[in-house]
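Take a look at the structure below.
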Amino acid sequence: MGDTSPIPLTFRLVSGVALVILLTPVLIVVLSGLNSGEYLTFPPQGLSLKWVAGFFTSPIFLPAFLFSFGLATVTTIISTILGTMAAIFLTRSRSRAREVLRGLFILPVVLPGVVLGLALYVFFAWTKLGLAGSFPGLLIGHVLVTMPFVIATVTASLVDFDLSVEDAARSLGATPLQAFTKVTLPIIQPGISAGTIFAFIVSFGQFELTLFLATPDMQPLPIAMYTSLRYAFEPTAAAAGIFAICLVTISTLVTSRLVNLKKLLRRR
Amino acid sequence: MSDIRLDQLTHSYGETRAVDNVSLSIAEGEFYSLLGPSGCGKSTTLRMIAGFVTPTSGRILIGGGDVTRLPPERRDIGIVFQNYAIFPHMSVAENIAFGLRLRKVPRAEIDTAVEGALAQVGLSGFGDRYQRNLSGGQQQRVALARVLVTKPRILLLDEPLSALDKALREEMKFWIKDLQQTLGITTIYVTHDQDEALTMSDRIGVMRAGRIEQSGTPREIYEEPASLFVTTFIGQSNVLDATYAGAEGPRAAAMVEGRALSAELSHALPRGSAAKLVIRPENVLMGPEAADRNLTQLPATVIGESYQGAMVRYRLRLGSQELVAERQNQAHLARWRPGETVTVGWDPGRARLLPAD
């Protein structure tokens, strides 16, 4: 009885291969960023931290990293609030518009980013509200593509939500707002947290849409890396990539830890 | 503690009337059950009283005050749900303290009240537990404690026992009734289980298709059913095709299988109209027991016998109709085999003539 795992060997082999395929590029980026040579090559000519240090002094990458971080933070806050509200509507409304709205909310992730980016750019230019090439315009685009993730995760936690818990709170003396903040919100919080992390990661790495909406003086990290790689093949871009990977990994770990703890507390 | 009055309460979902013109008075301290099959409107009635559903028309008065338009949080009503609705993110003590915190009761007072409530429901020392560590019966007690600690004017119970296993259900039935009597709190109990309604209630309202078909004490509901629905929904009844042949003293004469039988009549019927003669299986006597001249007597053939331990159940043929008799399984009582003929009889005061549905 050597093999006691309930998962068949074939499945484990396939997932092992998939993991290698997914992680290899990440490893290549990290190693390239630690290259001691002058150009972005693989395998690296030697290991050094000079490009990592270069990232901090770079007039392009550090501001781009901070801009992306800020953009992702603001996007996440707006997406989480709007997405949670939308999810509550979609799970509780008996309106016939519900299915149509559900489709519309999900549309931004189904449409190719290029199509959405072009459409938004044309729309912003046409409305003449000054949204084209502005921070609010970019923010609107990012909220559109990140909100579906919040809607999906919050909806999942609302589907098995027992409405009589809210009724119980009301009957015990809670106003609708108190019932929501003291009872509903803490119970669906794991779903909201998961949506938050998705929104942050998607916004931070968003490329196609950003390409249409960003301006030269407002460059998020993915655009900055792309631009820099087109003209100079230097490893600073890969070093910036290391920081992006670290940021995403840390935020995922922290959030999943929080979410899992909550899940554990909730389940028996 | 207060009395409850429902005045022509109606709730419509589109075309269908879930609750149809229900008027009801429940006295202070009374244990009133709304009994009926699923979809009869009993839960909607309860949810209207609690304030979760707005009536289409009609009024709800508690302690004389009109609460029809008040939101649930201002009605001062305690409700316990079928699934208990314990807040999963709070400990038992926090659950119980919830209502008091909203009322801005001082911390020390809350702690004392929570301890008292836990003791009252027999869960002292359970304050730090969470819902996931509680059995169904314990959750039930927490839900009651959470409600009672706020000293509500009335208590609403929505099928509180249906999620429990049979043994626990029996135990909780008496426990809840005792608690209700100790507190003297006006209680409305919604159930589809006739046993619960019969054993716990002071009065029962049998609901069907949004209306209260009959409202009365458990004895009245069981022994003096006002309709065919009530008599078949509560316990078992033999329903025989009959024709109303006119009054016969205080009783009615009914033609059943060509014989004139007398029965209690609770509804005025036109002479000659089709009706149903209703008799409970435990009231159908057989053989020597049916020998009394004052009884209604009929010849019947045994077509089936089933042994049920304390009871023996006979299927009998009476002309073209069938009848079920339930006799106690005791040594001095005779037993019959299928195929034998036997005289069956009953006290005419136990038979009722009801309008055909």
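Read-outs: derived from the displayed coordinates by stated rules, not from any lab. Note that the structure is predicted; figures quoted are calculated from it, not measured. Glycine gets a Cβ as well: all are built from the backbone with ideal geometry, and neighbour counts include every protein chain shown.
Quick notes on this one:
- Amide H within-cut-off set for B:Leu261, under 5 Å, with H built and near neighbours excluded: B:Ala254, B:Met255, B:Val256
- Averaged over peptide A:93-106, the number of partner chain Cβ atoms lying within 10 Å of each residue's Cβ comes to 0.
- A compact globular protein would have a Cα radius of gyration near 2.2 N^0.38 Å; the ratio found for region A:59-266 is 1.16.
- What the pair-distance distribution of the protein assembly as shown shows, using all Cα-Cα distances binned every 10 Å from zero, is 3, 12, 16, 16, 14, 13, 11, 7, 5, 3, 2, 0 percent.
- Percent of C-alpha pairs per 5 Å bin, region B:4-226, short to long: 1, 7, 15, 18, 19, 16, 12, 7, 3, 1, 0
- For region B:299-357, the fraction of alpha-carbon pairs in successive 5 Å shells from zero, as %: 4, 16, 24, 24, 17, 9, 4, 1, 0
- Debye log10 I(q)/I(0) for region B:268-327, one point scatterer per Cα, at q = 0.12, 0.19, 0.21, 0.23 Å⁻¹: -0.36, -0.79, -0.91, -1.02
- The antiparallel fraction among DSSP beta bridges confined to region B:209-330 stands at about 100%.
- Across region A:126-143, rounded Karplus estimates of 3J(HN,Hα) from the backbone phi angles (6.51 cos²θ - 1.76 cosθ + 1.60, θ = phi - 60°) give 5, 6, 6, 9, x, 7, 4, x, 10, 5, x, x, 4, 5, 4, x, 5, 5 Hz, Gly and Pro being marked x.
- Förster radius 56 Å - calculated FRET efficiency between A:Ser36 and A:Ile7 (Cβ-Cβ, nearest 0.05): 0.85
- Degrees separating the helix A:9-33 axis from the principal Cα axis of chain A, which is the longest one: 50 degrees
- Here region B:1-20 is scanned for amide nitrogen atoms under 20 Å from the site 7 Å beyond the Cα of B:Lys151 along Cα-to-Cβ, giving B:1-4.
- A:Thr24/B:Glu94 FRET efficiency (R0 41 Å; Cβ-Cβ; nearest 0.05): 0.25
- Nearest-0.05 FRET efficiency for B:Asn133 and B:Glu171, computed from C-beta distance (R0 22 Å): 0.60
- Ignoring lysines fewer than eight residues from A:Lys182 along the same chain, the ones with Cα atoms less than 20 angstrom from its Cα are A:Lys262, A:Lys263, B:Lys104.
- Under 5 Å, built H, 5+ apart or other chain: amide partners of B:Val284: B:Glu326
- For chain B, the longest principal axis of the Cα atoms and the long axis of helix B:92-102 meet at an angle of about 70 degrees.
- With each label modelled as a point 7 angstrom along the Cα→C-beta vector, the B:Arg315-A:Leu253 pair spans 7.3 nm.
- Region B:4-226 - percent relative contact order, Cα under 8 Å, separation 6 or more: 30 percent
- Short-range pairs are left out: with C-alpha atoms under 8 Å and at least six residues apart, the relative contact order of region A:59-266 is 34 percent.
- Proximity of backbone amide H atoms, modeled 1.01 Å from N, is registered between B:Val19 and B:His11 at under 5 Å, excluding neighbours fewer than 5 places apart on the same chain.
- The loop-placed trypsin sites (Lys or Arg not before Pro) in region B:30-70, going by DSSP, that have at most 14 neighbouring Cβ atoms within 10 Å of their Cβ come out as B:Arg69.
- With a simple spin-label model that places each label point 7 Å from the Cα along the Cα-to-Cβ direction, the separation between B:Ala260 and B:Ala209 comes to 3.5 nm.
- For the pair region A:3-77 / region B:310-357, the C-alpha centres are spaced 85 Å from each other.
- Inter-label distance, nm, simple model (7 Å from Cα along the C-beta direction), A:Thr127/A:Leu229: 3.2 nm
- Once the Cα atoms are used to define both axes, helix B:136-148 deviates from the longest principal axis of chain B by about 60 degrees.
- For peptide B:70-78, the mean count of partner chain Cβ atoms within 10 Å of a residue's Cβ comes to 4.
- Residue mean of other protein chain beta carbons inside 10 Å, B:95-103: 4
- Mean ellipticity per residue at 222 nm, deg cm²/dmol - from DSSP H runs of n ≥ 4 across the protein assembly as shown, formula -39500 (n - 2.57): -15000 deg cm²/dmol
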